[in-house]
Amino acid sequence: MESKGSNLIKLLLLVNFSVLCVAQDFDFFYFVQQWPGSYCDTDKSCCYPTTGKPDADFGIHGLWPNYNTGSYPSNCDSSNPFKQSQISDLTSSLQREWPTLACPSGNGIQFWTHEWEKHGTCSESNLNQHAYFAAGLSLKQKANLLQSLTSAGIQPDGQFYSLSSIKGAIKDGTGFTPYIECNVDSSGNSQLYQVYLCVDTSGSDFIECPVFPHGKCGSSIEFPTF
Ligand code: 5GP
Ligand code: 5GP
């Protein structure tokens, strides 16, 4: 015979267990910046935004919620579409820091819409749309990749640099170990395409990456001009 008391304990355990088991939204963000020279210097080429050629600087690609397992959620809430009106105060900063290079030329709205709907909606419990884009802008200011690289003598001059020197320069400049993604230029050279840094779930502080994406660069990496 079970007492009422033990049934109550079972119920409490069950409730507690189900709360603990609710899937965590995500574990950390990848903050991904792209080198425009490497986006453009491929067989696919690129198109400058309607607002003009971007600065010769890294641009933001995205802030991507991720799991510690390496997998990631995407397109989490179709009821929360991108609304330009929510970020009108950020538009000129976004045009400068988060420019689109895809063809045909656009003003950025399509790119930001894609990033919000695919990635941003998966962290909306922590960052609403305005906070999500503001977080990207603020992280870019905190991690000045071009300055980290150039102060180590690594310049966008079309020369080749070792992967370890690139990683070391970014670690010295930002305090954190990056993941480097390469692509291939129209002559087949491996080149510095994207830099990933990890960020805590509040979107404000860099952390060491719990897990790195897979993929390989050559040991000698071109840093193209833009
Ligand atoms: P690709 O196929 O170029 O590696 O990635 C295509 C897209 O998938 C990226 O632009 C990004 O939206 C998404 N993606 C790729 N790798 C990751 C990852 O490790 N984490 C997250 N959250 N998204 C990723
Ligand atoms: P992902 O899924 O890779 O985060 O997002 C890439 C999507 O955004 C692609 O559909 C791509 O065409 C579009 N896109 C627009 N502008 C850019 C850009 O400047 N860089 C990259 N990587 N993708 C862009």
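For this structure, a couple of remarks:
- Note that the chain presents 50 Å² accessible area per residue, ligands and nucleic acids not counted, probe 1.4 Å.
- Peptides ranked, highest mean first, by Cβ atoms within 10 Å: ranges 112-121, 125-134, 164-173: 112-121, 125-134, 164-173
- If you sort Asp25, Asp41 by accessible surface, 1.4 Å probe, largest first, the order is Asp25, Asp41.
- Spacing of the two label points (7 Å from each Cα toward its C-beta) at Cys47 and Asn107, in nm: 1.5
- Antiparallel bridge percentage (DSSP; both residues within the stretch 24-222; nearest 5): 95
- Lysine pairs within the chain, Cα separation less than 28 Å, 8 or more sequence positions apart or different chains: 24
- Contour excess over end-to-end distance, with Cα ends at Ser138 and Thr69 and 0.36 nm allotted per residue: 22.2 nm
- Mean separation of Cα contacts under 8 Å, 6 or more apart, over the residue count of the chain: relative contact order %: 25
- Size of electric dipole in the chain: Cβ of Lys, Arg +1 and of Asp, Glu -1, about Cα centre, debye, nearest 20: 260
- Degrees, to the nearest 10: 129-142 long Cα axis against longest axis of the chain: 50
- Label zone at Ser165, where the point sits 7 Å out along the Cα-to-Cβ direction: the stretch 38-52 residues whose backbone N lies under 19 Å: 38
- In this simple spin-label approximation, Asp157 and His114 carry label points 7 Å from Cα along the Cα→Cβ vector, and these lie 3.4 nm apart.
- Over the stretch 24-222, the hull volume per residue, using the convex hull of the C-alpha atoms, is 113 Å³.
- Annotation for Gln147 and Arg96: the two label points, set 7 Å from Cα along the Cα-Cβ direction, are 1.4 nm apart.
- Formal net charge of residues neighbouring Cys76 (Cβ-Cβ distance under 14 Å; K, R +1; D, E -1): -4
The values are calculated or read from the model by the stated rules, or taken from the named source; none is laboratory data. This one's a predicted model, so the numbers in the text were calculated from it and none came from an experiment. FYI the Cβ positions are ideal-geometry reconstructions off the backbone, even for glycines, and counts take in every protein chain you see. Keep in mind that these areas ignore ligands, DNA and RNA; they rest on the heavy atoms of the full protein, side chains included. Shrake-Rupley method; radii C 1.70, N 1.55, O 1.52, S 1.80 Å.
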